1. Could you tell me what fraction of 2.2 N^0.38 Å the Cα radius of gyration of the stretch 94-194 comes to, as a two-decimal ratio?
2. Report the FRET efficiency, 1/(1 + (r/R0)^6), for V33 and H214, where r is their Cβ-Cβ distance and R0 is 25 Å, rounded to 0.05.
3. From the phi of every residue in the stretch 46-56, what ³J(HN,Hα) in whole Hz does the Karplus formula 6.51 cos²θ - 1.76 cosθ + 1.60 yield, where θ is phi - 60° and glycine or proline is x?
4. Order by neighbour count: I164, I260, I181, fewest other Cβ atoms within 10 Å first, most last.
5. Per 0.36 nm of contour for each residue apart, how much would the distance between H202 and Q221 grow if the chain were fully extended, relative to their Cα-Cα spacing?
6. Check which residues have an amide H placed less than 5 Å from G132's amide H, if you skip close sequence neighbours.
7. How much length is gained on full extension from L148 to R248, taking 0.36 nm per residue of separation minus their Cα-Cα distance?
8. If the chain between V53 and I277 were fully stretched, how many nm would it gain, using 0.36 nm times the residue separation less the Cα-Cα distance?
Amino acid sequence: MSKDMIFMSFFLFIFAQMPPKKIKKWIKIIAVVYILGGMALYFLQDLVLFHPVSLTRSQRFIFPEPHQDVSIPLNKKDTINLVDFSSTDSVTRGVVLYFHGNKRNISWYSKYIPYFTRHGYQVLMIDYPGFGKSTGKLSEKKLYEWALLVYKIAIKRFSADSIIIYGKSMGTGIAAQLASIRDCKRLILETPYYDFPSVVSHYLPVYPVRWMLHYEIPTHQYLENVRAPVTIFHGTKDRVITYGNAGRLKPLLKQKDEFITIKGGRHNNLYQFKEMIHKLDSVLQR
């Protein structure tokens, strides 16, 4: 019997011991809590799903790698901020478009940059609306639009077969969407998800999440249209996006695509595993 079934059986047993008036009272309390929780999820979902740390434009990024801080005003409200990290190899062989996760800003993810620049790759990493120095209102449509703008910047300098699109966590769906509409050398996804509702439903199974969320980001749909080779990394002990959720993407992969399982890997520690580093090195050297 599953844990959910055991909990439900225990819950029903406790209710069966209560007098009718007390049962009605508790049903009302549970109903109120359920409704308030649903309202909070619907109206405050951006606060629940995203955890950005904003920065003022005057604040400077301090990274050991050579880089350029770039801001691109789109209109009075929207400004894209990205950091252009230079290759540390003697020859620049391409560019990685890196789409990060749902928290903090570029500073938090810059620790991964050397894994790419040492192989001769330049890295363009953007902050989403409200993250870091980027401004504007967050929406799924805007995430895709901004990703495409970064691609257009990259394609002016590099051919499509020199562009790697990389997504981590929340960024995997954005990366997959971009790779589904533009050519690239390879799509790499670190801890991806089937779609946003399936992730949230894991934590809130009592709500009709698919009807309530403003974000869908259906990675599974985008993967079906990706022509470039795909490499996926996921840990078996990931508690944020479960291994089972990511595993639903396996049937959508092409014959030569790869799903790399990191045994014991969690959501934010895959780079501590030799299997991850060795495989990434191998992919970037191709």
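1. Expressed relative to 2.2 N^0.38 Å, the Cα Rg reads 0.99.
2. On the way: r = 23 Å, r/R0 = 0.91.
Efficiency, rounded to the nearest 0.05: 0.65.
3. Result, ordered by residue: 4, 5, 7, 7, 10, 9, x, 10, 8, 10, 7 Hz.
4. Numbers: I164 25, I260 19, I181 13.
Starting with the residue having the fewest Cβ neighbours, the order is I181, I260, I164.
5. 4.9 nm
6. Excluding prolines and chain starts, which carry no amide H, the hits are V53, S54, L55.
7. Gain on extension, L148 to R248, equals 33.4 nm.
8. 77.8 nm
No value in this document is a laboratory result; all are computed from the given coordinates. Quick caveat: nothing in here was measured; it's all calculated off a predicted structure. Positions of Cβ are generated from backbone atoms using ideal geometry, with glycine treated the same way; all protein chains shown enter the neighbour counts.
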